[in-house]
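A.B. asks: I have a structure I would like to understand better, so I am pasting it below and will then ask my questions one at a time.
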Amino acid sequence: MKGIILTALVLLSFAKFSFGQECDSLVKSCYAHLAADSKSGKAFISDGQVYQAFVDAEQAAEFKVTLYGGSLYRIATTAGIEDNYVIFNVYDQERNLLFTNSDHKNHPYWDFKIDNTLDCYIEAYLDIDKKVSGCLVLLIGFQK
């Protein structure tokens, strides 16, 4: 009996370590989406939060965020090697859809200007035609 419990604990520890490693590497690659690009010429500054979740085909992650007026924002996502694994939707407080990257071939980031401070929800999930489970990472960057 002790052997079974010990084996279960070892497997659980390995699974947690594996999840952590996967998410850590995804965070690093997601930061690349905040770097300067040819469109704006300026890099985005992270808001300091790393939004991540381990999801499967039946789950979505939801993050409540406040976006402040007068800033240009970028929402960036990743869930693996390809940039188009994550679908994300941005909703206002009344759950009105403001944006979905599914209308743009699951593009991994979106830039937008906020004129007035806005509390919103960002829902993120995996495109099950491309990946059925794993860690997804979302970053929010801004320019003043």
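All of the numbers you see were taken from the coordinates with simple rules; none came from a lab. Quantities reported herein were computed from a predicted structural model and do not represent experimental measurements. Backbone-built Cβ (ideal geometry, glycine too); neighbour counts: all protein chains shown.
A.B. asks: Can you list the residues, at least 5 places off or on another chain, whose amide H is less than 5 Å from the amide H of D127, using H built in the peptide plane?
C.D. replies: Correct list: V86, I87.
A.B. asks: Starting from the Cα-Cα distance between H107 and A43, subtract it from 0.36 nm times their residue separation and give me the gain in nm to one decimal.
C.D. replies: So the chain would gain 21.2 nm between H107 and A43.
A.B. asks: For S133 and D119 in the same chain, what is the full-extension length gain: residue separation times 0.36 nm, less their Cα-Cα distance, in nm?
C.D. replies: 2.2 nm
A.B. asks: Run the reach check for K39 against aspartates and glutamates, Cα to Cα strictly under 17 Å, same-chain hits fewer than 8 apart removed. What comes back?
C.D. replies: D111
A.B. asks: What does the charge add up to near Q52, with Lys and Arg as +1, Asp and Glu as -1, over the other residues with Cβ less than 11 Å from its Cβ?
C.D. replies: After counting each charged neighbour, the total is -2.
A.B. asks: Mind listing which GluC sites (Glu not before Pro) in the stretch 16-100 are in a DSSP loop and have 10 or fewer other Cβ atoms within 10 Å?
C.D. replies: Sparse-neighbourhood loop GluC sites (Glu not before Pro): E58, E94.
A.B. asks: A follow-up question, please. In the structure displayed, which of K42/K131; K64/K144; K42/K130 lie more than 27 Å apart, Cα to Cα?
C.D. replies: K42/K131; K42/K130
A.B. asks: Hey, another quick one. How far apart, in nm, are the 7 Å Cα→Cβ label points at N96 and T66?
C.D. replies: Modelled inter-label distance: 2.1 nm.
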